[in-house]
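Report on the following structure.
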Amino acid sequence: MPLRIGFRVLILVLVASASALAPVSLRGEGAKPPEIAGPTPAEPPQKNEPGAEKSKGHVAAPSAAAEIITDLTRLPAPVARTRERLLAAARSGDLQQLAALMTDSMPIFSFTDDKDPIAFWKANYPDSDGIEVLAILTMILEAPFVHVDQGTPQEMYVWPYFVRMSLTALTPQQKVELFRLVTGADYKDMMKLGAYAFYRLGISPDGTWQFFVTGD
C-alpha cells in the first residue's frame, strides 16, 4: 500500500513538472514565456548623427568622394556674400571688423570656453597682437573648397578643401598648397592624427558663418 501511494505521488509530481516546462515548437525552439512586466532596459547610447560634429567645426573623416571646387561661381549668392565680407574684414588688418561679423550669429572660434574672439586671437598670436589670424583667414578663403553633407541639416561650404582630403593622397601640387597654411611639423602631427586639423571655416547655404576654428 505505501508503495502505491508513493508511485501515485511520483506520477503527480512528474505531470506537474511537465506542465511547467515551456512547450517546444516544430523548429526546436522553446516557445516564448509570458512577458513579465519590469523596467524597460536602457537603450544603448546613440551615436552622433553623421555630420553632427562636422557642423561644429570638429575634424571630419576624409572622403574620397569629396569634390575639390575652385569655381567661385558655384557658391550660392548668400555664401559668396559672406565670404566677401569676411575677406574684406581680414584684409583690413582690424580684428574688430572681423569680430563685428559675429554679432548676428556667433560662429565657433574656439573649442574652449572663451567668449571674446579678439582676446582669444591675441592670446594665440601675441607676437602679432592677433593680426596673424587675419592672414590665415585670407589664405583659407582663397583656397579651393568643398561642398559637404548635401541635402542634410549639416550642409556646408568648407574651406580649405584639405578638411575632407586624405593627407596621404595629396599630390605634390596639393602639398604645396597645404604648406602655405601649415608647417612641416604641423603636417607630421596631422599625419599622426589622420586628418587636417588646422584652421577651417564653414558657411551654411543661407550664408550663416558657422565656424572658424583650429584643433580637433
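Enumerate the amide H contacts of LEU201 below 5 Å, restricted to partners 5 or more residues apart or on another chain; note that Pro and chain-start residues carry no placed amide H.
TRP159
Could you let me know the centre-to-centre spacing of segment 167-216 and segment 84-136, using Cα atoms, in angstrom?
18
Starting with the highest mean, order 127-137, 174-184, 156-166 by the number of other Cβ atoms within 10 Å, averaged over the residues of each peptide. Kindly include the intermediate steps, with their values, before the conclusion.
On the way: 127-137: 16.1, 174-184: 13.8, 156-166: 23.5.
Final packing ranking: 156-166, 127-137, 174-184.
Throughout, read-outs are computed from the coordinates displayed, never taken from laboratory work. Quick caveat, the model's predicted, so the values are computed rather than measured. Ideal geometry is used to build each Cβ from the backbone, glycine not excepted, and the neighbour counts take in all protein chains shown.
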